[in-house]
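Everything on this sheet refers to the single structure shown next.
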Amino acid sequence: MRESPHLTSVASVAAAGSHLSLAVPKQRAAVARQLLYVARTPDETLIAHLKSRGWQVAAARSAHELGRLVKPDIACAGVVDLASFAPRDIGGLEASLRQQQIGWIALATNERLDDPLVRRLVRHYCFDFVKLPVAHATIDYLAGHAFGMVALCDPELPPPVSEAGDEEMVGTCEAMQQLFRTIRKVANTDASVFIAGESGTGKELTALAIHERSPRRKAPFTPINCGAIPHHLLQSELFGYERGAFTGANQRKIGRVEAADGGTLFLDEIGDLPLESQASLLRFLQEGKIERLGGRESIPVDVRIISATHVDLDGAMREGQFRADLFHRLCVLRLDEPPLRARGRDIEILAYHMLHKFKTDNARKIRGYTPSAIEALYNYNWPGNVRELINRVRRAIVMAENKLISADDLDLAGYTEQESMTLTQAREAAEKRAIEAALLRHRHRLNEAAVDLNVSRVTLYRLMGVHGLREPGSADDKGALPADGPARE
Ligand SMILES: Nc1ncnc2c1ncn2[C@@H]1O[C@H](COP(=O)(O)OP(=O)(O)OP(=O)(O)O)[C@@H](O)[C@H]1O
């Protein structure tokens, strides 16, 4: 029923989960029998019965309230009344249902169990389910079993991949769900993966997620920021050198490619790789061997390559700055990281997630965001994506003087004036969001996106221009209407 501990962690991964977590809780302490009960309208008689049976019951009426009650270190039972929620609200429960330290029992009706999402949630995350109506004693009995099972879990779980659960990927929107599904699929292959996306969208996190789910997870994940290493040092950093290879080479140095042997090499900002290093990398990809600088030996190295960039590589190839043959080697599988502004409600979910993550003891009083702060989160364009959101939330935690973070605390006061937005502006903003989402869903295949949006391809192309959604410098900008093709596959 549950996935391996590696996958089902703090808020672990599911086939299409809203969180994709790489971290494992450090310790899980079994304490007095605690039970989380989540229902749109909690049944007070059930709560009273469970309390009389010795349960310490905490009730939640929404996914958000539930998220706040979940404690990563504490084993407890959970009762989720899936029948009481509107279908559209059920997806939001997934992050909490996925918590491995909670033994969930689902309550559902026959009709609700016809819903594929409900079936999947029950199948993946629940110890058992019962059809309503059901006797309170049965729920107590099943919750007791579920609690017993989670309390049996070995407290000495494998060490975290990275400390403090930093590596959790949050996402409920369709684009992120698609990304999670793709991550799981590509993890099982050894093919090179290319991740495209704006800065701060989570490319490195995605690369790590792929590595952590791949058969190479026990070997190193080696990230290299190609843009951060001075060009003249890149060759030796990547491939190492032998003693005496150049003045100052007093001893042999193993390069990063070799150090990643058996694991995954993440080449970030691959667009910044100078042509000389591109040629060496291509040779390595073709032959699976490296030569250290000053060395004569060819050393076989077995790594999986994941690369990423936030720049337009198509443009770089057109201008001769990036080798097309290397790109085709690197981009066997392509993933597109959606920009934060195109993730709809995930913006708010991420804002709460980051608040929870970065709230220090001093800021315990902070409960959430004011309505105008939420409005600003949606109105803002997020050029720095999730990284910027993290920074703004961290700033707000420090600045906030009240229980609720305001738009001002987020430094987004200028984005709250709904009344200053005319209907035309609101329509335009909605149109842009819809086009962006469709383009993402269809990986910029204009024909398919146009069908989805129920407009002609010509109209879509024109609207992309109006909303600044055509890539600068692309053939599109030069007036040609591009044919749909595999370029963005
Ligand atoms: N979906 C997500 N859920 C939670 N945290 C995220 C998510 N996406 C990104 N982050 C966090 O946002 C920050 C930036 O992510 P990351 O470094 O992976 O972005 P990037 O696209 O590689 O950025 P760059 O292009 O600048 O290298 C990190 O702290 C990461 O943990």
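No value in this document is a laboratory result; all are computed from the given coordinates. The structure presented is a predicted model; accordingly, all values stated were derived computationally and were not measured. With ideal geometry, Cβ positions are generated from the backbone for all residues, glycine too; neighbour counts draw on all protein chains shown.
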> What number in nm² do you get for the stretch 174-336 if you take the convex hull of its Cα atoms and divide its surface by four?
Replying inline: 9.5 nm²
> Highest mean first, what order results for 428-438, 39-49, 87-97, 69-79 on Cβ atoms within 10 Å?
Replying inline: 69-79, 87-97, 428-438, 39-49
>> Which one, Ile195, Val311, Phe180, is farthest towards the positive end of the dipole of the stretch 174-336 when Lys and Arg carry +1 and Asp and Glu -1 on their Cβ?
In response: Phe180
> Farthest toward the dipole's positive end in the stretch 340-420, which of Asn391, His356, Asn402, given Cβ charges of +1 (Lys, Arg) and -1 (Asp, Glu) about the Cα centre?
Replying inline: His356
> What ranking do 451-457, 374-380, 405-411 get when scored by the average of other Cβ atoms within 10 Å per residue, highest first?
Replying inline: 405-411, 374-380, 451-457
> Taking the Cα-to-Cβ direction at Leu117 and at Arg61 and moving 7 Å from each Cα, how far apart do the two end points lie in nm?
Replying inline: 2.1 nm
>> Ignoring solvent entirely, what values of log10 I(q)/I(0) come out of the Debye formula for the stretch 19-152 at 0.10, 0.11, 0.15, 0.20 Å⁻¹ when each Cα is a single scatterer?
In response: -0.28, -0.34, -0.64, -1.20
>> Charges at C-beta only: +1 for Lys and Arg, -1 for Asp and Glu. How large is the resulting dipole of the stretch 19-152 about its Cα centre, in Debye rounded to 20?
In response: 340 debye
>> Applying a 10 Å radius around every beta-carbon, put 201-212, 325-336 in order of their mean neighbour count, most first.
In response: 201-212, 325-336
> Taking R0 as 22 Å, what's the FRET efficiency between Ser52 and Thr138 from their Cβ-Cβ distance, rounded to 0.05?
Replying inline: 0.90
>> For the stretch 176-277, which chymotrypsin sites (Phe, Trp or Tyr not before Pro) pass both filters: DSSP loop (anything but H, G, I, E, B) and at most 14 other C-beta atoms within 10 Å?
In response: Phe246
>> Going through the cross-link list Lys203/Lys357; Lys203/Lys432; Lys218/Lys289; Lys185/Lys432, which pairs have a Cα-Cα distance over 32 Å in this structure?
In response: none
> So between Thr247 and Lys359, what do we pick up on full extension, going 0.36 nm a residue minus the alpha carbon distance?
Replying inline: 35.3 nm
> How much length, in nm to one decimal, is gained on full extension between Asn225 and Arg345, taken as 0.36 nm per residue of separation minus their Cα-Cα distance?
Replying inline: 40.1 nm
